[in-house]
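These notes concern the structure reproduced below.
The values are calculated or read from the model by the stated rules, or taken from the named source; none is laboratory data. As the structure is a computational prediction, the values presented were derived from the model and not from experiment. Cβ sites come from the backbone with ideal geometry, for glycine too, and all protein chains shown count toward neighbours.
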Amino acid sequence: MNDLSKLLFDTWIISATLAFINVIIAMAIHLSTGTGFDFFTVSNLMIPEFGVMLIIGASLLSRQPLDDAKRYDSEGNPTKSWRYAQVGKKIILASLFLLAFIGFFYLLGLVFIPEPL
């Protein structure tokens, strides 16, 4: 698997896991309060996560060395700042996939409107 497809697959898995956790939390909220399940709750739970992931990813990515020579040490191993930048790139891409999941659950909420109990 080449680097780009591995990066996209890893970030998609992170986003899908977060979306699944949010669905479970939303179902627990609706079961405990006795209200009908709606997909708007799921998308609303993901909005703060999206913002936090963008902030953390941008903070880590800002540590990226601009010089190619500073990305690796004398032994050829990646430096700490370069590794942080790679993690930041994954987090930013995962946040964009999470934004797609937010839109998906919002559209599901428009299609499947819960009936009042």
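Each row is one residue, and each column tells you yes or no for (1) assigned to a helix (DSSP H, G or I); (2) buried (at least 17 other Cβ atoms within 10 Å of the Cβ); (3) modelled with pLDDT under 95.
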| site | (1), (2), (3) |
| --- | --- |
| Arg63 | no, no, yes |
| Lys70 | yes, no, yes |
| Ile91 | yes, yes, yes |
| Leu107 | yes, no, yes |
| Leu110 | yes, no, yes |
| Ile113 | no, no, yes |
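The set of residues in the stretch 28-38 being surrounded by 12 or more Cβ atoms within 10 Å (Cβ to Cβ) and either at pLDDT 85 or above or acidic (Asp, Glu) (or both) consists of Asp38 alone.
Filter the stretch 1-48 down to residues that are in a helix (DSSP H, G or I) and among the aromatic types (Phe, Trp, Tyr) and give me whichever is nearest to Ala100 (Cα to Cα). Don't jump to the end; show me each part of the working.
If we filter the stretch 1-48 for residues that are in a helix (DSSP H, G or I), which is where we start, we get 3-33, 39-48.
Checking which are among the aromatic types (Phe, Trp, Tyr) leaves us with 9, 12, 20, 39-40.
Values: Phe9: 15, Trp12: 10, Phe20: 14, Phe39: 14, Phe40: 14 Å.
Among residues in the stretch 1-48 that are in a helix (DSSP H, G or I) and among the aromatic types (Phe, Trp, Tyr), the one nearest to Ala100 (Cα to Cα) is Trp12.
Filtered by the rule that a residue be polar (S, T, N, Q) and in contact with a Phe, Trp or Tyr (Cβ under 7 Å, 6 or more places away or on another chain), the stretch 82-117 gives a lone residue, Ser95.
For every residue, the table says whether it meets (1) touching a His at 6+ places or on another chain (Cβ under 6 Å); (2) under 23 Å from Phe112 (Cα atoms); (3) surrounded by 15 or more Cβ atoms within 10 Å (Cβ to Cβ).
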residue	(1), (2), (3)
Leu7	no, no, yes
Asp10	no, no, no
Ile24	no, yes, no
Glu49	no, no, yes
Ile55	no, no, no
Ser59	no, no, no
Ser74	no, no, no
Ala85	no, no, yes
